[in-house]
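First the structure, which I've put down as structure tokens, then a few questions once you've had a look.
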Amino acid sequence: MVASEYDAVIVGAGGDGPVAAWKLAEAGLSVLVLEAGPFHGNEKWPKPHEDPGGEASSSIEDLSGELLDEQFTTREFEMVNKLIFGPADHERGFYFRKFPGDGAILQCSGVGGTTLHYTGNHPRAYPASIDEQGHWPIDYADLVPYYQEIEEMCEVAPAPVTAKEELFFRGAAAAGWDLLDELNVTEPGYRPQPNAIRQPDEKLHVDADYDGDFQYPEVEGDTLALGNIAGNPHPRGAPFEEKAKRASNISFVPPALKTGNVTIRPNAFVTDIHTDTWFGDDPSATGVEFRDTWSGDKEDVEAEVVVLAAGAIETPRLWKNADLPENDWVGSGMTIHFGDNVMGLFEGADLDGTLGTDTVDQFQGQDIAARFDYPGLGMLQTVGTTPGLGAILGFGASASGFTFQNDTSDAPWDTMGRLAGRELKETLAEYRRMLQILVVSDDRPHERNGVTVVPGVSDENGSIPLVNYVPSDGDKKRRDELAEIAAEILREAGASHVHRSDSPPTALHVQSTMRMGKVVDTACEAYDVDRLFVADHSALANSVGGVNPTNTGQALAARTAEKIVDRYF
Amino acid sequence: MEGNNVTRRTVLRGVAAGGGTLAVSGQAAGSSTTFDTHTKITFRAIVDAVLPETPGLEDSLGAEHVPGGLAVDLEAFLITYANDLFTFGLPYVGEVGNIPIASPVAAVLDLAAKELLAEGDNEDEPSVDRPLSLLEPEDESAWVVRFVAGTFAKLSRRDRLRAIGLLDGYELELSPVSGTVFEADAGLVGQLVVGFAEVIYYSEWEGYDEFTQPPSQREHANDPAEVQSWRQTGYPGFSDGYAALRGYVGTPDGPLGGGDVWTEIDDDGAVLVTRDSGHFRENDYDTSDYEEPYPEGA
């Protein structure tokens, strides 16, 4: 049993919940974090997908790098199945969410949440997206000190260059774009990713003739073996806190537990929010009900404040299922960084001329280590994938049918659409000579897009979420222009064939469903429910310019934690 | 258009309520065996279209590029995977609480195939010879396949893909254990039979002794000799690391990059890859001249 009462209960130990937990606990509050998924790398749960294990963890002594090594195999298919949003029990499928078209929602459950498979990218929002687009009631300058705090905690640094980044930078430079060296980006250009991944040991330089193994402590930091989407436990053998990728389970959970004030209870799905109306005015949150995903048992816990950090799908779903006051903006305005994939295929001889090697070998280096920024449009980033994920992300889905159904004679790409059959096999045969660019657009919050619940259609946790997403003409134009820039960069880099997926809407970055200024105030406390705060990406007022949202979500969560202490403690 | 969607939805509701496949294919009666057989034949046809055997690639790419998904029994795993994909049930019933969707998926594919034919958008005539050609020695007899095979399996490979492409406009109804019927977008079917088939095939999946084992009991040799798709992509297997560092991008005078120059990125040496890393600049910023490239409409 966890205790029956805490100063703060946080719903969700994803990318942002642990940040709020750490800050609140540092301020001396007692904190319970309830997480729907498992706790990997914790001795209380040696087989987190097979046995219920322990109940809760409150000590840093529970964390084990050895267990993380065992559980995070880096095998792509297995890890996707372990991490995608669902109950811990491996015998059970994912939780169902209805999503339009043949797109998908890529969120994880478990302590660390979607940062377990994020690629470590930690850029800041574009300042103009906060200050000029008219969605945010606070200024970018308000966020800067929190960015600095988060970047220090996550050890954000310029990402290293391997073959695929060098190829991209050559293409971007040849296309006439400038190298950017700043954190606060206001002009278009390319740069290394600001990544929350420790830089690799210099002995891993291609000229250093390293022939040792890649085990800690022989090597420290990143080992350039891809694998971030699959959890990235590298370097193997390292203690929990010395893993290279600073996902929130590595960067914020240990300091939170070190305070002695935090308890994390995994396998606990919050199904209701308790409120009381003391003065006939707005209700106040007083606690939550949660459900053990193994036993089905329900428990209640009381708290002075309740902090929702269940992610931009589950946070509004919980609000709606908890029967809190109606607010049209709860769940509305969802942005997902409406994205696309543009692929370049290269001839070996051409690569030899530019890179000094006749393959790109995208499985080497960090997954996403180079980027192109364009405030007002969004971003491009190079992506290295293992072949299965590369197949589904790059070729397995399209909003415009199969390649043989599309005439591309006047297009900047040679082929467009979904690949299957002989064409798929021919293309994947070139896996070692391809460079994938992910297009991420600055889509805007539209009221029609978002999360509702389906009355009468319930799973064990309540009415299931129904997600709607239809991009606007502006969203499509921003994406199209980025795709054209990507194609040009690939051509300049020497690609002999360029393929565009025209991907269906796929929710890689889900945000802005409980928007600041609409559902929550500038401290991220709900307008309609006192003592109920939102500390996840759903509180973002827009899509932060189309840049990876983790840094901004965490910075805002850190700020919200301070506001909570100011208001109520 | 709206009316059309309503019609489709109504049709598919009938499918789910009527027991799936047999209602769709118009057979008079059937046992769960024929039900399973129809699903198996349909999934075989899916895999044959998405990841076919390609003898034509032998000369250009090599003999290792010839076998497709059927050679590694991808269809059998795809059925298992589809049936375990989503959970709806109570925790204590474990995998029994998952929603078995393989048969409804097969049924929906037949509907899509019928629509393709009705619209006249097929390039080839359907033929029962196609599912028969995918028979293996230990399979059902030919007459069972003739009896049970649905329209989808009778289409040519390209027409099967065209039929899958029609699904985004459909709604699919699934019936979880609680008895509650709910709708899913049938684009899910396309995602499952194309996207998931591709990710499974090209992943490490084939290399497990048995993927359905508990995670801690799975064995994987991490050897391309054990994974057909890895031999076709040249992927060497998972690694703990690579000595692949070239350095850090930077400029001669800027804060990014540092130390010896390893290579120049552009012709005039303005952008370099250097041995050491620098840092990003905490810059002042001014957004007052920001203009929306594509303003949102009113």
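In region A:314-345, how many residues are buried (at least 24 other Cβ atoms within 10 Å of the Cβ) and under 18 Å from A:Val544 (Cβ atoms)?
Residues flagged as buried (at least 24 other Cβ atoms within 10 Å of the Cβ) and under 18 Å from A:Val544 (Cβ atoms) within region A:314-345 amount to 8.
Follow-up question, since we're still on this one. So is B:Ser175 open to solvent by 40 Å² or more (accessible area, probe 1.4 Å), at the interface with chain A (Cβ under 8 Å from one of its Cβ atoms) and either more than 19 Å from B:Ala49 (Cβ to Cβ) or at pLDDT 95 or above (or both) or not?
Numbers: open to solvent by 40 Å² or more (accessible area, probe 1.4 Å): yes; at the interface with chain A (Cβ under 8 Å from one of its Cβ atoms): no; either more than 19 Å from B:Ala49 (Cβ to Cβ) or at pLDDT 95 or above (or both): yes.
For B:Ser175, the condition - open to solvent by 40 Å² or more (accessible area, probe 1.4 Å), at the interface with chain A (Cβ under 8 Å from one of its Cβ atoms) and either more than 19 Å from B:Ala49 (Cβ to Cβ) or at pLDDT 95 or above (or both) - is not met.
Also, I was wondering about something else. Testing A:Val288 on (1) crowded, with 21+ Cβ neighbours inside 10 Å; (2) assigned to a loop (DSSP other than H, G, I, E, B), one condition comes back false. Which one is that?
Here A:Val288 meets the rest and fails (2).
Contact list please: Cβ distance under 7 Å, first residue in region A:317-330 and in a helix (DSSP H, G or I), second residue among the charged types (D, E, K, R), pairs at least six apart or on different chains.
none
Would you point out the residue of region B:253-265, among those that are modelled with pLDDT of 95 or more and farther than 20 Å from A:Gln199 by Cα, that is least open to solvent (accessible area, probe 1.4 Å)?
B:Ile265
Does B:Ala243 meet the test of being over 18 Å from A:Ala370 (Cβ atoms), at the interface with chain A (Cβ under 7 Å from one of its Cβ atoms) and either open to solvent by 30 Å² or more (accessible area, probe 1.4 Å) or more than 40 Å from the chain's Cα centre (by Cα) (or both)?
yes
Exactly one of these conditions fails for A:Thr114: (1) open to solvent by less than 30 Å² (accessible area, probe 1.4 Å); (2) hydroxyl-bearing (Ser, Thr, Tyr); (3) at pLDDT 90 or above. Give me its number.
Condition not satisfied by A:Thr114: (1).
Residues are listed down the side, and each one gets a yes or a no for (1) assigned to a helix (DSSP H, G or I); (2) open to solvent by less than 20 Å² (accessible area, probe 1.4 Å):
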residue: A:Thr452; (1), (2): no, no
residue: A:Val457; (1), (2): no, yes
residue: A:Lys477; (1), (2): yes, no
residue: A:Val498; (1), (2): no, yes
residue: A:Asp502; (1), (2): no, no
residue: A:Met514; (1), (2): no, yes
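Of all residues being crowded, with 17+ Cβ neighbours inside 10 Å and assigned to a strand (DSSP E or B) in region B:266-285, which is nearest to the other protein chains (Cβ to nearest Cβ)? Just the residue, please.
Once the filter is applied, the top-ranked residue is B:Val273.
I would also like to ask the following. Of everything in region A:147-187 that's free of Cβ contacts under 8 Å to residues at least 24 places away in the same chain and part of a loop (DSSP other than H, G, I, E, B), which residue is farthest from B:Gly254 (Cα to Cα)?
Result: A:Gly176.
Right, next: When you look at A:Leu466, is it open to solvent by less than 20 Å² (accessible area, probe 1.4 Å) and either more than 11 Å from chain B (Cβ to nearest Cβ) or in a strand (DSSP E or B) (or both), yes or no?
In short, no.
Being of a type outside the set (Lys, Arg) and either closer than 12 Å to A:Glu155 by Cβ or buried (at least 24 other Cβ atoms within 10 Å of the Cβ) (or both) is the filter here; which residues of region A:239-254 pass it?
A:Glu241, A:Glu242, A:Ala244, A:Ala247, A:Ser248, A:Asn249, A:Ile250, A:Ser251, A:Phe252, A:Val253 - these are the residues of region A:239-254 that are of a type outside the set (Lys, Arg) and either closer than 12 Å to A:Glu155 by Cβ or buried (at least 24 other Cβ atoms within 10 Å of the Cβ) (or both).
Would a scan of region A:31-43 turn up a residue that is open to solvent by 20 Å² or more (accessible area, probe 1.4 Å), in contact with a His (Cβ under 9 Å, 6 or more places away or on another chain), in contact (Cβ under 8 Å) with a residue 40 or more places away in the chain and closer than 30 Å to B:Ala221 by Cβ?
Taking every residue of region A:31-43 in turn, none turns out to be open to solvent by 20 Å² or more (accessible area, probe 1.4 Å), in contact with a His (Cβ under 9 Å, 6 or more places away or on another chain), in contact (Cβ under 8 Å) with a residue 40 or more places away in the chain and closer than 30 Å to B:Ala221 by Cβ.
All but one of (1) part of a loop (DSSP other than H, G, I, E, B); (2) under 21 Å from the mean Cα position of the chain (by Cα) hold for A:Ile138, so report the exception by its number.
All conditions are met except number (2).
Quick test of your reading of the structure: A:Asp272 fulfils all but one of (1) open to solvent by less than 10 Å² (accessible area, probe 1.4 Å); (2) outside any helix (DSSP H, G or I). Name the failing condition by number.
(1)
If the requirement is being facing chain B (nearest Cβ under 10 Å), at pLDDT 95 or above and within 30 Å of A:Asp350 (Cα to Cα), which of these qualifies: A:Thr382, A:Thr386?
Answer to the check: A:Thr386.
Still on this model: Evaluate region A:516-538: report whether one residue or more is in a helix (DSSP H, G or I) and closer than 24 Å to A:Leu143 by Cα.
Within region A:516-538 (the criterion being in a helix (DSSP H, G or I) and closer than 24 Å to A:Leu143 by Cα), the answer is yes, since at least one residue qualifies.
Give region A:1-29 a look and list any residue that's modelled with pLDDT of 95 or more, touching a strand residue (DSSP E or B) at 6+ places or on another chain (Cβ under 6 Å) and open to solvent by less than 40 Å² (accessible area, probe 1.4 Å), or say none.
Of everything in region A:1-29, those that are modelled with pLDDT of 95 or more, touching a strand residue (DSSP E or B) at 6+ places or on another chain (Cβ under 6 Å) and open to solvent by less than 40 Å² (accessible area, probe 1.4 Å) turn out to be A:Tyr6, A:Ala8, A:Val9, A:Ile10, A:Val11, A:Ala13, A:Gly17, A:Ala20, A:Ala21, A:Leu24, A:Ala25, A:Leu29.
Within region B:37-60, count every residue that is touching a residue at least 24 places away in the same chain (Cβ under 8 Å) and surrounded by fewer than 18 Cβ atoms within 10 Å (Cβ to Cβ).
Within region B:37-60, residues that are touching a residue at least 24 places away in the same chain (Cβ under 8 Å) and surrounded by fewer than 18 Cβ atoms within 10 Å (Cβ to Cβ) number 0.
Out of the residues in region A:190-212 that are within 17 Å of A:Gly237 (Cβ to Cβ), facing chain B (nearest Cβ under 7 Å) and assigned to a loop (DSSP other than H, G, I, E, B), state the one that is nearest to the chain's Cα centre (by Cα). Walk me through how you get there before you give the answer.
First, the residues of region A:190-212 that are within 17 Å of A:Gly237 (Cβ to Cβ): A:198, A:200-201, A:203-204, A:210, A:212.
With the extra rule that they be facing chain B (nearest Cβ under 7 Å), the set shrinks to A:200, A:204, A:210.
Checking the rest, the ones that are also assigned to a loop (DSSP other than H, G, I, E, B) come to A:200, A:210.
Values: A:Pro200: 22, A:Tyr210: 33 Å.
Ranking the candidates gives A:Pro200 first.
Between A:Arg97, A:Arg170, which is among the charged types (D, E, K, R), under 30 Å from B:Asn98 (Cα atoms) and open to solvent by 10 Å² or more (accessible area, probe 1.4 Å)?
One residue alone meets the criteria, A:Arg97.
Got a sec? Which of A:Glu155, A:Glu151, A:Glu182 is open to solvent by 10 Å² or more (accessible area, probe 1.4 Å), facing chain B (nearest Cβ under 7 Å) and within 23 Å of the chain's Cα centre (by Cα)?
Working: A:Glu155 fails: facing chain B (nearest Cβ under 7 Å); A:Glu151 fails: facing chain B (nearest Cβ under 7 Å).
Step by step, each of A:Glu155, A:Glu151, A:Glu182 is checked, and only A:Glu182 is open to solvent by 10 Å² or more (accessible area, probe 1.4 Å), facing chain B (nearest Cβ under 7 Å) and within 23 Å of the chain's Cα centre (by Cα).
Hey, could you check region A:421-443 for residues that are open to solvent by 10 Å² or more (accessible area, probe 1.4 Å) and outside any helix (DSSP H, G or I) and say which is nearest to A:Asn548 (Cα to Cα)?
Taking the candidates together, the pick is A:Leu438.
Mind checking which pairs have a first residue in region A:107-130 that is of a type in the set (D, E, K, R) and a second that is open to solvent by 10 Å² or more (accessible area, probe 1.4 Å), Cβ under 9 Å, 6 or more apart or different chains?
The qualifying pairs are A:Arg124/A:Val144; A:Arg124/A:Glu151; A:Arg124/A:Leu183.
For region B:73-89, what are the residues that are more than 10 Å from chain A (Cβ to nearest Cβ), open to solvent by 20 Å² or more (accessible area, probe 1.4 Å) and not acidic (Asp, Glu)?
Taking region B:73-89 as the starting set, the residues that turn out to be more than 10 Å from chain A (Cβ to nearest Cβ) are B:73-80.
When the remaining residues are screened for being open to solvent by 20 Å² or more (accessible area, probe 1.4 Å), the result is B:73, B:76-77, B:79-80.
Hits for region B:73-89 are B:Ala76, B:Phe77, B:Ile79, B:Thr80.
Now, a different point. Please return the ranges of helices (runs of 4 or more DSSP H) entirely within region B:94-169 where 1 or more residues are of a type outside the set (A, V, I, L, M, F, W, C) and under 23 Å from A:Arg422 (Cβ atoms).
B:129-133, B:151-154, B:157-165
Consider A:Ala268 carefully, then state whether it is farther than 22 Å from A:Gly110 by Cα and touching a residue at least 24 places away in the same chain (Cβ under 8 Å).
So A:Ala268 fails the test.
Related question: Give the number of residues within region A:194-224 that are among the β-branched types (Val, Ile, Thr) and either out of contact with any Asp or Glu (no Cβ under 8 Å at 6 or more places or on another chain) or without any contact (Cβ under 8 Å) to a residue 12 or more places away in the chain (or both).
Residues in region A:194-224 being among the β-branched types (Val, Ile, Thr) and either out of contact with any Asp or Glu (no Cβ under 8 Å at 6 or more places or on another chain) or without any contact (Cβ under 8 Å) to a residue 12 or more places away in the chain (or both): 1 in total.
The values are calculated or read from the model by the stated rules, or taken from the named source; none is laboratory data. The structure presented is a predicted model; accordingly, all values stated were derived computationally and were not measured. Here Cβ is always computed from backbone atoms with ideal geometry, including for glycine, and neighbour counts include all displayed protein chains. Accessible surface areas use protein heavy atoms only, side chains included; no ligands, DNA or RNA. Shrake-Rupley method; radii C 1.70, N 1.55, O 1.52, S 1.80 Å.
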